[in-house]
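The values are calculated or read from the model by the stated rules, or taken from the named source; none is laboratory data. Computed from a predicted structure; not experimentally measured. All Cβ positions, even for glycine, are placed from backbone atoms using ideal geometry, and neighbour counts span all protein chains on display.
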Amino acid sequence: MFNTDQEIINTILLGSLLFVFLAFIIVLSVIQYQSRQKKFRKEQADLQSTFNQTLLQSRLEIQEQTFNYISQEIHDNVGQILSLAKVQINIMNESENINKELLNQVKENVSKSMSDLRDIAKSLSSERIKKLGIYKTVTNEADRINKSGIIQVGISMQGNEQKMNEQKKLILFRIIQESLQNSIKHADAAKIDILFNYLPSSLHVSIKDNGKGFDMNEATKKSSGLGLLNIKTRASLTGGTSFITSELNKGTIVNINLPYE
């Protein structure tokens, strides 16, 4: 009888200890789960905050480039055309007879100025990427660079343009802009080729120049590597990837792959 009672007590004690141990494990698991959830939510919030900051910075940089372009266009093109028209009008004013040929030239110059101003006004719209799409917007950017005569930019597309998150398109456009500026400023290139390849689930963009290239290892150690890091960071924030290759005297290729959503 004593042994039986002792066995019951031992069983109860063992069961109680097992229950306490299981309860401890459950409580510990819940605490760890909540801690992981809290950490996850913080990382998500930090990532969203970083994405929003990058988005805002991209908008400001695009606006700054647009304003610089407008200033240059007004000074170099519109201003010169209107100055010529003014000279032509002064010549006609000093003449007793109206020179119809000269008058037609004035009309053409004024019309050209108005056309250029309309194009500039369109470039001021912050909705241009949304309205035109990323491919057309980059095409316009390539045309603008080609018009300057600094470098020749070619652009091509494979597949059909797909819908993409508007914020991603804006950041992608800024990445492409930055890659173009890097080639123009540092590569001593004569030509840049941009390829848009619309794949089933993602967009692949390749920006290739025929410039002097650089040593990737050396570039990452110097301040010049910050631009490369910036491109990679911005691509990753949109859920995409970027891969940059360069070889001395053989040019540089920037590859960007972004999911549509």
For this session: Could you look through the stretch 242-251, keep only residues that are surrounded by fewer than 15 Cβ atoms within 10 Å (Cβ to Cβ) and of a type in the set (S, T, N, Q), and pick out the one that is farthest from Gln167 (Cα to Cα)?
Result: Asn249
For this session: Those residues that are surrounded by 14 or more Cβ atoms within 10 Å (Cβ to Cβ), modelled with pLDDT of 70 or more and of a type in the set (S, T, N, Q), I need them from the stretch 89-134; list them, please.
Result: Gln105, Asn109, Ser113
Exercise. Taking the stretch 126-144 on its own, how many of its residues are outside any helix (DSSP H, G or I) and either free of Cβ contacts under 8 Å to residues at least 24 places away in the same chain or over 17 Å from the mean Cα position of the chain (by Cα) (or both)?
Worked result: 1
Exercise. Within the stretch 175-195, which residues are over 16 Å from Ile244 (Cα atoms) and in contact (Cβ under 8 Å) with a residue 12 or more places away in the chain?
Worked result: Ile184, Asp188, Ala189, Ala190, Lys191
Exercise. Consider Lys147 against the criteria (1) under 20 Å from Asn249 (Cα atoms); (2) part of a helix (DSSP H, G or I): it satisfies all of them except one. Which criterion is unmet?
Worked result: (1)
For this session: Just need a number here: residues in the stretch 150-189 that are touching a Gly at 6+ places or on another chain (Cβ under 7 Å), of a type outside the set (A, V, I, L, M, F, W, C) and assigned to a helix (DSSP H, G or I).
Result: 3
Exercise. Modelled with pLDDT of 85 or more and either surrounded by fewer than 19 Cβ atoms within 10 Å (Cβ to Cβ) or acidic (Asp, Glu) (or both): does that describe Glu161?
Worked result: yes
For this session: Residue by residue through the stretch 246-261, note down the ones that are part of a loop (DSSP other than H, G, I, E, B) and under 15 Å from Lys212 (Cβ atoms).
Result: Leu248, Asn249, Lys250
